[in-house]
Each structure stands twice: as structure tokens, then as C-alpha cells.
Amino acid sequence: MATHAVEIAQGERFQFGENWRRFLANLSEQRISAAEESLRNMLEVSDLKGRTFLDIGSGSGLFSLAARRLGARVHSFDYDPQSVACTRELRRRYFEDDPDWRVEEGSALDSGYLSSLGKFDVVYSWGVLHHTGAMWHALENAVLPVRDGGQLFIALYNDQGGLSRRWTAIKKNYNRHRILRGPIIAWSFAYLFGGSFLKNLLRGRPTKAFEGPSRGMSVWHDMIDWVGGYPFEVAGPGEIFEFFKQRGFTLTRLVTTHSLGCNEFVFRRVR
């Protein structure tokens, strides 16, 4: 989309797709299996056979792939053309020419587009909607494709008050001033991982600080995503609970964080 390219050029948006392109170079069976396990645990299922799965903001395509391997019919879309390319690459590698996995470019802020997709058993959007520049509008749109009785699995950055505002400023500077990116990454590494890195270095295992989290993602690429991830918005768990309660959803799973990370929610549509 032309708008996306303009936002990148103006320093108003992070190049998420470029980060995920690098991540795919190190994708392993272990990471894919971890992503599958994450979906099974949060959705409380053994598989997704016979279900439809919408991935809003598919990014690297890892979780679309996990859902497809669990048996779902998958529709993936992303606003970032490079993220779309990443998802298509995973489809090519693992499910080439598969009619049950569709990948395309689209925006979570386009209510007409979301409405045109039909209804899904599972709508998934992990760590995406807070990067749209209009999070509450994106959350409203995420309701549209969830069928009656269907599940909505989202993750959003936790509101840390003043700390969140300071990180917003850091992210703005990272995207607007290329010369600052190296120093910001170095400072962020020291801030986020310095203690753990030094401790593990003394124990002779310095790479342990970079072992991937349980979702199958890469700590390093997640850190780059965190530092550069802009636009950036946050919300507290209570705000999200009330928002979806008013729209006919009941909360079935909640994993909260007291850190800078994401709170995870699984809702079921009851009306």
C-alpha cells in the first residue's frame, strides 16, 4: 500500500516486515511446534480441525502456519507488504498451492474489508492492534469477523503509565532518526537483558539470555520489534475486559504481565 511506504519514509512506522524476514531465516521445527502449543493452550483445544482461523496482522506468518498445521482453514492478512511476503513464503514452504490457506494484504482499520471476509471460528491478533495508530478502532473492527460462539484471541501491550510514555518517545526517535538506531538498540539491550547476559556470561553460557520464549518467537527479533514498534498504544486488562463485555463477549482465558510485555486475552462471543 502506498500509505504504508509513505509512513515508513516519514519515520511514522516501523518496518515490521523486514524484521520478520530476518526471523524466518532461523525458523525451526522447534519454534513451529512451540507456536502450535501456544495456540492449543490458550484456545483450550487439541487441534483446530474443521475450524476457520483469521490471522489479523500475520507478521512472519508463524501462527498462521501453526493454525494450518493444527488443521484450520486459514485466512492471513497484514498491512505491511513485507509481512505479507513473509507469510506467503511460509505458505510456499509448507503448504504450497493450498486452497485452505489464503494470504493477502489488508488493514485492520478497514471495517469494510473486515466485514467482507465473513465469519470465523477463531480470530487471532497477537501484538498487532496496538501498532495500527488507532487501537480502539482496530479492536472494534476485530469484533466484526467473529462468529456467534467464536473465539477472539488478542494480545496487547500492558499500560505501564509513565514508563509506557517514555518508551513511546524512544520508539518515535528510533523510527525518525536513523542515526540514533544503533545507540538505542545498544541501550535497550543493556536495559532489557544486561543483567541476565552478564550473569549467564559468568556461568559460561552467554547465549542463554537469548533463548526463545514459549511462543516460538526469537528473543532478539522480539526485542527489535519492541524497540522499533511504532505506532504504539497500551491498555490495562480492565479496559479491554469492559470493552468486549459491552460488545457481547465473555472472557475465557487471561494471562497478564507486570512488565512491558503483552496481556493475552481469549474471549468468546455470546451474542
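Across region 143-160, rounded Karplus estimates of 3J(HN,Hα) from the backbone phi angles (6.51 cos²θ - 1.76 cosθ + 1.60, θ = phi - 60°) give 5, 4, x, 7, 6, 4, x, x, 10, 10, 10, 10, 9, 9, 4, 6, 6, 10 Hz, Gly and Pro being marked x. With neighbour counts taken as other beta-carbon atoms within 10 Å, the residues 56, 185 rank, fewest first, as 185, 56. Quick one: go through region 137-176 and flag any residue whose amide nitrogen is under 15 Å from the point 7 Å out along the Cα-to-Cβ line of residue 251. Within reach of a label on residue 251, which here means backbone N under 15 Å from a point 7 Å along Cα→Cβ, region 137-176 contributes 152-159. Measuring r between the beta carbons of residue 186 and residue 12 and using R0 = 22 Å, the FRET efficiency lands at 0.40. Put simply, the C-alpha atoms of region 1-134 give a gyration tensor, and the ellipsoid matching it has half-axes of 24, 17, 13 Å, longest first. Relative to the dominant Cα principal axis of the chain, helix 81-95 is inclined by about 70°. Rounded to the nearest whole angstrom, the semi-axes of the ellipsoid equivalent to region 1-80, taken from the Cα gyration tensor as √(5λ), stand at 28, 15, 9, largest first. Tally the DSSP beta bridges in the chain and give the antiparallel ones as a percent, rounded to 5. Of the beta bridges lying entirely in the chain, close to 40 percent run antiparallel. Between the Cα long axis of helix 181-202 and the first principal axis of the chain there is an angle of about 80°, rounded to the nearest 10. Annotation: for a label point projected 7 angstrom from Cα along Cα→Cβ of residue 271, residues of region 246-260 with backbone N closer than 17 Å are 246-251. Note down the nm distance, to one decimal, between modelled labels 7 Å out along Cα→Cβ at residue 116 and at residue 95. Output for this residue pair reads 2.2 nm. Length gained on full extension, residue 259 to residue 242: 4.0 nm, using 0.36 nm per residue less the C-alpha separation.
Read-outs: derived from the displayed coordinates by stated rules, not from any lab. As the structure is a prediction and not an experimental result, all values here were calculated from the model. Glycine gets a Cβ as well: all are built from the backbone with ideal geometry, and neighbour counts include every protein chain shown.
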